[in-house]
Amino acid sequence: MRPTGKLHLGNYMGALANWVKLQEKYDCYFFIADWHALTSDYADPSKIAQNTLDVMLDYLGAGLDPAKSVLFLQSKVLQHAELNLLLGMITPVGWLERVPTYKDQQKNLANKDLSNFGFLGYPVLMASDILLYQPRFVPVGNDQTAHVELTREVARRFNQFYKLDGEEVLPEPQVLLTPSPTLPGTDGRKMSKSYGNTIQLCDTEPEVRQKLKTMVTDPARVRRTDPGDPDKCPVGDLHKVFSTPETMATVYEGCRSAGIGCIQCKGWAADALVQVLEPIQTRRASFTVPQVVEILEDGSRRARVRAEQTMREVRTAMQMTLTSEAQGGV
Ligand code: SF4
């Protein structure tokens, strides 16, 4: 994840909650993509260090465990930059321009100049982030599969050009589709930092309740007496993810018959959210900043060892090593 601010419930349900389960079954690498933050926030990097700590605290709060997974910081593993440069040599620009998020983000973040080389090239950096660890799987939600597909294409192209003793160096990783419900933000659009409509993992109970109070609802319920439909309401979508079947049944019945008011319904949604957030916040508060820094340092050391193993193969396959044989015995 990019360290662009504290993580929110959408990040948690879309990725983190699944990662916590995956670390029980796989050797996992999870990192904070501080170089990726620069692709769009290059003009003001002043918040990246603080955001990195916040994201790491959120990772730990959600239950990622440095004893089970490698948790590291991208910029502490320079092999990401080297592989990015080498893969950049073989990636056609047309592939990058076709990545759906490229045009979308330029449109959505109109207040930022995203005509920079780094932003165009971020899928190559992302491919490097993945391929550096020669993984079998990349756990992603539906909306991220295009990136993994591009990574697979880059790996395929690399393997066509270069081999090591006749073997492929960068295996094409498989998508490991993880359940990732799209959570609505308080304005009804997808919950996203860039829209400013999030419920953060470290929001206090009063903050959660206040945000829910202002959340948009089914537009058909203008007055208290108008019936509504939870299937057309962002608050209803939150209930579907977080509330019990009993509460859900009450919401459906009460909303469609105008038997309940939106304020009451939002209160129940807030109850469910607070229950999810409470253990995350307790765990988060148990870590100090020096502990977080040490966890990142240690994880980055472990990541470097694994990354260097791949890079040795990549350099040899690309003949980026100088031997007396390569010099024709001069
Ligand atoms: S009662 Fe609940 S589900 Fe129905 S419109 Fe209001 S907030 Fe949405």
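Laid out as a table, the results:
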item	result
Some residue of the range 164-184 being among the β-branched types (Val, Ile, Thr), touching a residue at least 24 places away in the same chain (Cβ under 8 Å) and within 16 Å of LEU83 (Cβ to Cβ)	yes
Selection from the range 123-158 of residues that are within 20 Å of MET89 (Cβ to Cβ), open to solvent by 20 Å² or more (accessible area, probe 1.4 Å), part of a helix (DSSP H, G or I) and not basic (Lys, Arg)	MET126, ILE130, GLU153
Selection count, the range 67-102, where residues are over 17 Å from LEU131 (Cα atoms) and assigned to a loop (DSSP other than H, G, I, E, B)	5
Residue match in the range 54-62 (condition: surrounded by fewer than 18 Cβ atoms within 10 Å (Cβ to Cβ) and closer than 24 Å to LYS190 by Cβ)	no
Enumeration of residues in the range 304-317 that are aliphatic (A, V, I, L, M) and either farther than 17 Å from CYS28 by Cβ or open to solvent by 10 Å² or more (accessible area, probe 1.4 Å) (or both)	VAL305, MET311, VAL314, ALA317
Single match in LEU176, LEU201 (criterion: modelled with pLDDT under 95 and surrounded by 14 or more Cβ atoms within 10 Å (Cβ to Cβ))	LEU176
Residues within the range 1-44 that are within 18 Å of HIS147 (Cα to Cα), among the hydrophobic types (A, V, I, L, M, F, W, C) and assigned to a loop (DSSP other than H, G, I, E, B), tallied	2
Options VAL292, VAL251, VAL222; residue that is β-branched (Val, Ile, Thr) and open to solvent by 40 Å² or more (accessible area, probe 1.4 Å)	VAL222
Checking PRO234 against (1) under 25 Å from VAL55 (Cβ atoms); (2) touching a strand residue (DSSP E or B) at 6+ places or on another chain (Cβ under 9 Å), the condition it does not meet	(1)
Flag if ARG284 is modelled with pLDDT of 95 or more, touching a Leu at 6+ places or on another chain (Cβ under 7 Å) and among the basic types (Lys, Arg)	yes
Qualifying residue in the range 215-224 (condition: modelled with pLDDT of 95 or more and within 22 Å of the chain's Cα centre (by Cα))	no
Output for the range 247-264, where each listed residue is within 8 Å of the ligand (Cβ to nearest atom) and in a loop (DSSP other than H, G, I, E, B)	ILE260, GLY261
Residue check, VAL274 closer than 30 Å to THR186 by Cβ, open to solvent by less than 10 Å² (accessible area, probe 1.4 Å) and touching a residue at least 24 places away in the same chain (Cβ under 8 Å)	no
Evaluation of LYS240 against (1) out of contact with any strand residue (DSSP E or B) (no Cβ under 8 Å at 6 or more places or on another chain); (2) more than 12 Å from the ligand (Cβ to nearest atom); (3) open to solvent by 20 Å² or more (accessible area, probe 1.4 Å) (one fails), failing number	(2)
Test result for ARG301, open to solvent by less than 40 Å² (accessible area, probe 1.4 Å), more than 16 Å from the ligand (Cβ to nearest atom) and charged (D, E, K, R)	no
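One line per residue, one yes/no per condition, for (1) open to solvent by 20 Å² or more (accessible area, probe 1.4 Å); (2) at pLDDT 85 or above; (3) on the phi < 0 side of the Ramachandran plot:
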{"position": "LYS68", "(1), (2), (3)": "yes, yes, yes"}
{"position": "LEU83", "(1), (2), (3)": "no, yes, yes"}
{"position": "MET89", "(1), (2), (3)": "yes, yes, yes"}
{"position": "THR101", "(1), (2), (3)": "yes, no, yes"}
{"position": "ASN108", "(1), (2), (3)": "yes, no, yes"}
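The values are calculated or read from the model by the stated rules, or taken from the named source; none is laboratory data. Since we're looking at a predicted model, the values are computed, not measured. Every residue, glycine as well, gets a Cβ built from its backbone with ideal geometry; the counts of neighbours run over all protein chains shown. Please note that ligands, DNA and RNA were not included when accessible areas were found on the heavy atoms of the full protein model with its side chains. Shrake-Rupley method; radii C 1.70, N 1.55, O 1.52, S 1.80 Å.
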